[in-house]
1. Within the stretch 130-154, work out how many residues are touching a residue at least 24 places away in the same chain (Cβ under 8 Å) and not in a helix (DSSP H, G or I).
2. Does the stretch 164-175 include one or more residues that are open to solvent by less than 60 Å² (accessible area, probe 1.4 Å), closer than 15 Å to LEU123 by Cβ and assigned to a helix (DSSP H, G or I)?
3. With (1) of a type outside the set (Lys, Arg); (2) open to solvent by less than 50 Å² (accessible area, probe 1.4 Å); (3) free of Cβ contacts under 8 Å to residues at least 60 places away in the same chain as the list, and GLU157 as the residue in question, which single condition is left unmet?
4. Taking GLU28, is it out of contact with any strand residue (DSSP E or B) (no Cβ under 9 Å at 6 or more places or on another chain) and part of a helix (DSSP H, G or I)?
5. From ASN139, ASN102, grab the single residue that is at pLDDT 95 or above, closer than 20 Å to LYS6 by Cβ, surrounded by 14 or more Cβ atoms within 10 Å (Cβ to Cβ) and not aromatic (Phe, Trp, Tyr).
6. Which condition from (1) crowded, with 17+ Cβ neighbours inside 10 Å; (2) touching a residue at least 40 places away in the same chain (Cβ under 8 Å) is the one that ALA45 breaks?
7. Inside the stretch 49-83, can you point out the residues that are in contact with a Cys (Cβ under 8 Å, 6 or more places away or on another chain) and surrounded by 18 or more Cβ atoms within 10 Å (Cβ to Cβ)?
8. Please enumerate the residues belonging to the stretch 15-29 that are open to solvent by less than 70 Å² (accessible area, probe 1.4 Å) and under 16 Å from ALA45 (Cα atoms).
Amino acid sequence: MNNEMKSIGVFCGSALGKKPIYQNTALELAEIMAQRKIKLVYGGADIGLMKVMADTLMKRNGYVIGVMPRFLAEKDIAKDNDISEFIFCETMSERKELIIDNSDAFVVLPGGFGTLDELGDVLTLYQLNIACKPIGILNVNNYYDNLIKQFDVYVEEGFMMPEHRTNVIIAESAEEIISKMDNFVHTHVDSKWVDNLIHESKKLKL
């Protein structure tokens, strides 16, 4: 199954990280996207890995959409002048909604709390069949090893369906993650999983 990705929402850090591999991976992903004319949709910042992604796309005649709340833009970190399109919004929640709405798929690069929050949102929307778009975690330098292990714990302990875990794409390089997303096949999850949760809860005797 080939997935036509005209735009990718990229979630990544506003820092560069301590190791050059993080910056290099962001640059490689941006170059692949530019070559394939895939739009970048991101958080609109002119710092960290976010800046690397945006600058690389623009230098290679790519298309970049930045999204940022006004209160953050006032901190002088917005890349609102030299990208293709910039969308101002009011809240962090609205920012995520706009990135999700404008993206055909998502890639998660190394980042911190903000990146984790964005990943959590798209994974939840996927799980609820609200926004079933490919989600890839770029586990460069084993950065997300512990998070991926935690996903497995969710399944082992009965807090996540195995199918939901299967639908998370994991790769170690920019080229690999784009290839996997191109060929991603959605694992269907029977809608009865929610009914089963309700049934189990009704059996509780407290």
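1. Matching residues across the stretch 130-154 total 11.
2. Yes - at least one qualifying residue is present in the stretch 164-175.
3. All conditions pass for GLU157, except number (2).
4. yes
5. The match here is ASN102.
6. (2)
7. LEU49, MET50, MET53, VAL67, MET68, PRO69
8. Passing the criteria: ALA15, GLY17, ALA26, LEU27.
The values are calculated or read from the model by the stated rules, or taken from the named source; none is laboratory data. Quantities reported herein were computed from a predicted structural model and do not represent experimental measurements. So basically every Cβ, Gly included, is an ideal-geometry build from the backbone, and we count neighbours across all protein chains shown. For accessibility, only protein heavy atoms count, side chains too; no ligands or nucleic acids. Shrake-Rupley method; radii C 1.70, N 1.55, O 1.52, S 1.80 Å.
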